[in-house]
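So the structure is just underneath, and the comments pick up after that.
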Amino acid sequence: MVVGNGSQHFAASFREDFSLDAPLLVDPELRAYRAAGLRRGRVEALSPRLALNAVRAFRGGARQGAVHGDPWQLGGTLVFRPDGTLGFRHISREAGDHPDIDDVLAALEPGAPAVDESEEPDPRLAWLGRTLGTLLDPTVVLSFDRTGFAIHSLGFDPDDLEVDLGGKRCLITGANSGIGYESALALADLGAEIVLLCRSSERGEEAAERIRQQTGNPRVAVERLDVSDLSAVAALAPRLATRPVDVLIHNAGVLPDERQESPDGIELTWATHVAGPHLLTRGLRSALEKSPDARVVWVSSGGMYARRLNLADLDWRERDYDGVMAYAETKRAQVVLAELWAERLAGTSVAVNSMHPGWADTPSVRTSIPTFHRLTRSLLRTPAQGADTVVWLAASEAARALRGCFVFDREPRRTHWLPWTEESTQERAQLWRQCEDWADPFASG
Amino acid sequence: MRVATRLAPIELSDWQGHPVVLGSLWAERPVVLVFLRHFG
């Protein structure tokens, strides 16, 4: 039995178009959807998974016609039994999230166990919350984009970045373009000594020269480093640690089309965003503690809001590889890892925080998600606007007291918008253990 | 309150306009109810 939420007219043609034999009911007012506790909302409906499914289907020749019904409503599958118990329930969390047909069929067998419905909150309350969330969701778009920067920056204190960073030493990974470059430029302009950590010496050197020329600050150096390569990180860290480190910015990022592995056999987004930065932080820990006021900044992404910490299939052996998903999951892991580092460095001179830059027009966005870039170009922030919070966290006196925060436009923000993205204490501990397991073989002293 | 109890009294119409009380669907045998995202 199939329930749709469009009108009767569309139900009939839908039934014909898809040669559907099952009886079809229509629920344009969504009364049954609501009573069944099904989800709804922009964030859920416009998941990265849906976007990729759509791209794949389109490439495969499929063409979706006009959508009839509520575009933000999500579906679900439930098995009801004569005794009033529920044999099976799958509430779609995002478009493209479908149940396993075998599980549905098993629930129809006589004697199959019932779904435990005790102690469940009334789904209508959750519905109300989600509907409010949907109404507020447009503010995500009007927040991450340049309008958001214009609005949020009204609250910025211009004196926050009237600081002299003379004598401070800042290390920035992936610093030859985008947000890394803009952060390096701004910090050099404030007088800091800069070390650009770049995969390519040549591109790094070009960036360093531009920064020297624009700022007149000659203390801009380049070290070649592929942060996903743990041996390289382990080899470089002791050389960087010979003098105190005041600022460490984990900015380098990748969004691969296909599953790739680092030289150490770690899936590339995990290696680049998590394992390498973790080892680098470990290797520089004592040098950071030698600074009277050290800052570690993890450049994450707003995309992390869509995913929960997922350590179940780090290697992407059980799922079809999905670069956007891998990116978002490791960006979530960075936020958690920054919190874990902040806990461990509590009581020291080292402040660890993560941030997200909003949607900025950077080379990575242009090449990795070109369609997103084309559609949103006029809304995107400049890389310098994206880098503003990085610089603020690294340089301002106001940010000194922040520890373990996730910061956007100079304000600590919540790390979860969707209840199911919350990780457990055990998963947090598991992330730390995993990072230590990656780093241990390369540790020196 | 069980989901079945909440859903049972709701009356929807089928694709031909005939009214259907949801509870009647599973009165005699189990039923799989698939809620679509949208038509099309």
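Points worth noting:
- Around residue A:166: net Lys/Arg minus Asp/Glu count, Cβ-Cβ under 13 Å: -1
- Taking amide H positions as modeled 1.01 Å from N, with prolines and chain starts lacking one, the residues under 5 Å from residue B:13 and 5 or more places away or on another chain are A:26, B:20.
- Charge context of residue A:221, other residues only, Cβ under 15 angstrom, K/R +1, D/E -1: +2
- Shielding of A:26-33 by partner chains, average beta-carbon count, 10 Å: 4
- Nearest-20 debye value, the stretch A:161-257 charge dipole, Cβ charges on Lys, Arg, Asp, Glu: 280 debye
- The modelled label-to-label distance between residue A:105 and residue A:210, using points 7 Å beyond Cα along the C-beta direction, is 5.8 nm.
- Backbone amide hydrogens, once placed in the peptide plane, bring residue A:222 within less than 5 Å of A:196, excluding anything fewer than 5 places away on its chain.
- Residues A:108, A:187, sorted so that the one with the fewest Cβ neighbours within 10 Å comes first: A:108, A:187
- Under a 5 Å amide H cut-off, with hydrogens placed 1.01 Å from N, residue A:351 pairs with A:294, A:295, A:296 among residues at least 5 apart or on other chains.
- The phi torsions of the stretch A:254-268, fed into the Karplus equation with coefficients 6.51, -1.76 and 1.60 and a -60° offset, translate into couplings of 9, 9, x, 6, 10, 4, 10, 10, 6, x, 8, x, 9, 3, 5 Hz, rounded to whole numbers, with Gly and Pro shown as x.
- Relative exposure of A:348, A:85, judged by other C-beta atoms within 10 Å (fewest first): A:348, A:85
- Set against the 2.2 N^0.38 Å expectation for a compact globular protein, the stretch A:164-321 has a Cα radius of gyration ratio of 1.07.
- Rounded to the nearest whole Hz, the Karplus-based 3J(HN,Hα) values (6.51 cos²θ - 1.76 cosθ + 1.60, θ = phi - 60°) of the stretch A:274-286 follow the sequence 10, 5, x, x, 5, 5, 5, 4, 4, x, 9, 3, 5, with x at glycine and proline.
- The phi torsions of the stretch A:430-443, fed into the Karplus equation with coefficients 6.51, -1.76 and 1.60 and a -60° offset, translate into couplings of 5, 4, 4, 4, 4, 5, 5, 4, 5, 7, 3, x, 9, 6 Hz, rounded to whole numbers, with Gly and Pro shown as x.
- Ranked for footprinting exposure by Cβ neighbours inside 10 Å, fewest first, A:337, A:105 give A:105, A:337.
No value in this document is a laboratory result; all are computed from the given coordinates. Just so it is clear, the structure is predicted and the values come from calculations on it, not from any experiment. Using ideal geometry, Cβ is built from the backbone for each residue, glycine included, and neighbour counts are taken over all protein chains shown.
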